[in-house]
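Student: My questions all concern the structure below.
The values are calculated or read from the model by the stated rules, or taken from the named source; none is laboratory data. On a predicted model such as this, the values are computed, not experimentally measured, just so you know. Here the Cβ positions follow ideal geometry from the backbone for every residue, glycine too, while neighbour counts run over all protein chains shown. Note: accessible area is taken over every heavy atom of the protein model, side chains too, but ligands, DNA and RNA are not part of it. Shrake-Rupley method; radii C 1.70, N 1.55, O 1.52, S 1.80 Å.
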Amino acid sequence: MSDIIDGIVAKVQESTIFRSRDYMRPEYVPDELPHREEQIKALGNVLVHAVKGEVPNNLFIYGLTGTGKTAVTKFVLSNLHKRAPDKFSFAYVNVRQTDTPYRVMADVIEFLGGKVPFTGLSTAELHRRLQRALNDARKVIILVLDEVDALIKRHGDELLYRLTRINGELSGSKVSIVGITNDVTFVDELDPRVKSSLGEVEQVFPPYNAVELEDILKRRAIVAFKPGVVNEDVIRLCAALAAREHGDARRALDLLRVAGEIAERQGKSIVTADQVYEARTEIERDRMHDVIKTLPFHSKLVLLSIVDGSRRERPLTTGEVFEIYRSLTRKLGLESVTQRRVSDILNELDMLGVITASVVNRGRYGKTKEIKLSIDRRSIMEVLNEDERLVSIWS
Ligand SMILES: Nc1ncnc2c1ncn2[C@@H]1O[C@H](COP(=O)(O)OP(=O)(O)O)[C@@H](O)[C@H]1O
Ligand SMILES: [Mg+2]
């Protein structure tokens, strides 16, 4: 049996496609960030005061996903830090992954050398420990809170409020906060006090255009792929497809990387447009898989109702979806949500691209919505079947 593994290992070791796949990973921060000179300069000008041991203004960065916010911030901070390692420190926390205010504070305390049990401390105690750890550091600390909208949507802006006020309670150190968000509308929802102190300086990251994406991809492909494996047409195609969405560099890099992986699996020695299109399908399938997998339970039930109802010929109406949903909840012995809520769920599923819901006028019967699946039934069921709570429906 182990010869199977040998075969697999041999195949990646002698990849005909990649020189080093790591350069295509989303976490990799390149030494060069073309088309972000202006943003690098702007962030540098704000944060450079840390090099003299002075506290920079708080900074708020926003722009759509894949516009280089995380990469540029890390790039600027680590390059400044190299020049004055003892004047300041910076802590980077991805708040979406860190999830709770408790874990965010704990991460910062631990970064500063303090200790925190996994759960159990009161907010007041956590705050005391954070204060102590910050004071003991005796320098400027730049705290980067990436994807900060995720925390605030789930837990409110209390933590952010506290952090923006913390300098008043410190003697030995000073904190400056860099908040980053992919959600451009989020700023307006903030408490005005948080907004004004966090947004002392604001920096927007605009989407890349196709030419810029092409340039970014080209430079990455040179180090990541073997010579001659990807040509200009393939790069241009990846850039064009990503630019059509919103100029997302992550998307463009993913397309090229996955196209390379597909070519490798197929035993090819070059990447062509075929693999780029296959990559697009594969990425979209994975994205949909994640979207459906992480839906709240009643949204899954509504989706299941649509799958069930879509066996018939004509499109489903909201009312019909609700009826099927109700019979499913009954079968599971659960309380159903209201028709109003089901209607909201349908809008959410539409926005996520799982279904399309279009308003149709049925003359004297008034307006209704017609619901159709945007993805094939089988792919949806594959994901829904992974949820154990739904198992009793089929048994
Ligand atoms: N100007 C650029 N040059 C090279 N790579 C870039 C550039 N901008 C973004 N990237 C790469 O694209 C991916 C997404 O960038 P990232 O900074 O994570 O975007 P954001 O944080 O805005 O969502 C990362 O792999 C990053 O290295
Ligand atoms: Mg980011």
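Student: Can you name every residue in the range 105-141 that is among the aliphatic types (A, V, I, L, M) and farther than 15 Å from Ile166 by Cα?
Tutor: Residues of the range 105-141 among the aliphatic types (A, V, I, L, M): 105-106, 108-109, 112, 116, 121, 124, 126, 130, 133-134, 137, 140-141.
Listed by number, the residues that qualify are Ala106, Leu112, Val116, Leu121.
Student: Show me the strands (runs of 3 or more DSSP E) found entirely inside the range 128-243 where at least 1 residues are open to solvent by 30 Å² or more (accessible area, probe 1.4 Å) and within 16 Å of ligand 1 (Cβ to nearest atom). Give the derivation first.
Tutor: Working: elements: 140-146, 174-181, 201-204.
Fully inside the range 128-243 and qualifying: 201-204.
Student: Here's a follow-up. Inside the range 37-70, can you point out the residues that are buried (at least 22 other Cβ atoms within 10 Å of the Cβ), within 13 Å of ligand 1 (Cβ to nearest atom) and assigned to a helix (DSSP H, G or I)?
Tutor: Gln39, Leu43, Lys69, Thr70
Student: Let me ask something else about it. Just to verify a result, which residue in the range 13-36, among those that are near ligand 1 (Cβ under 10 Å from one of its atoms) and in a helix (DSSP H, G or I), is surrounded by the fewest Cβ atoms within 10 Å (Cβ to Cβ)?
Tutor: Going through the range 13-36, the residues near ligand 1 (Cβ under 10 Å from one of its atoms) turn out to be 23-36.
Next cut, in a helix (DSSP H, G or I) only: 23-24.
Details: Tyr23: 18, Met24: 21.
Among residues in the range 13-36 that are near ligand 1 (Cβ under 10 Å from one of its atoms) and in a helix (DSSP H, G or I), the one surrounded by the fewest Cβ atoms within 10 Å (Cβ to Cβ) is Tyr23.
Student: Taking the residues in the range 78-99 that are among the hydrophobic types (A, V, I, L, M, F, W, C) and more than 21 Å from the chain's Cα centre (by Cα) as candidates, determine which candidate is nearest to ligand 2 (Cβ to nearest atom).
Tutor: Our first condition is that a residue be among the hydrophobic types (A, V, I, L, M, F, W, C); within the range 78-99, this holds for 80, 84, 88, 90-91, 93, 95.
The next check asks that each one be more than 21 Å from the chain's Cα centre (by Cα); those that pass are 80, 84, 88, 90.
Working: Leu80: 19, Ala84: 25, Phe88: 22, Phe90: 16 Å.
Taking the candidates together, the pick is Phe90.
Student: Another question about this same structure. Criterion first (over 26 Å from the mean Cα position of the chain (by Cα), assigned to a helix (DSSP H, G or I) and loosely packed, with under 15 Cβ neighbours inside 10 Å) does Val9 satisfy it?
Tutor: Numbers: over 26 Å from the mean Cα position of the chain (by Cα): yes; assigned to a helix (DSSP H, G or I): yes; loosely packed, with under 15 Cβ neighbours inside 10 Å: yes.
So Val9 passes the test.
Student: Would you call Val258 open to solvent by less than 30 Å² (accessible area, probe 1.4 Å) and either modelled with pLDDT of 95 or more or outside any loop (DSSP other than H, G, I, E, B) (or both)? Break it down stepwise before answering.
Tutor: Numbers: open to solvent by less than 30 Å² (accessible area, probe 1.4 Å): yes; either modelled with pLDDT of 95 or more or outside any loop (DSSP other than H, G, I, E, B) (or both): yes.
Against the criterion (open to solvent by less than 30 Å² (accessible area, probe 1.4 Å) and either modelled with pLDDT of 95 or more or outside any loop (DSSP other than H, G, I, E, B) (or both)), Val258 qualifies.
Student: Another question, then. Just the residues that are out of contact with any strand residue (DSSP E or B) (no Cβ under 7 Å at 6 or more places or on another chain) and either in contact (Cβ under 8 Å) with a residue 40 or more places away in the chain or not assigned by TED's automatic domain parsing to the domain that holds Asp188 (or both), please, taken from the range 55-77.
Tutor: Leu64, Thr65, Gly66, Thr67, Gly68, Ala71, Val72, Phe75
Student: Now a separate question. Out of Glu264, Glu284, report the one residue that is without any contact (Cβ under 8 Å) to a residue 12 or more places away in the chain and open to solvent by less than 80 Å² (accessible area, probe 1.4 Å). First the steps, then the outcome.
Tutor: On the way: Glu264 fails: without any contact (Cβ under 8 Å) to a residue 12 or more places away in the chain.
Matching residue, one of Glu264, Glu284: Glu284.
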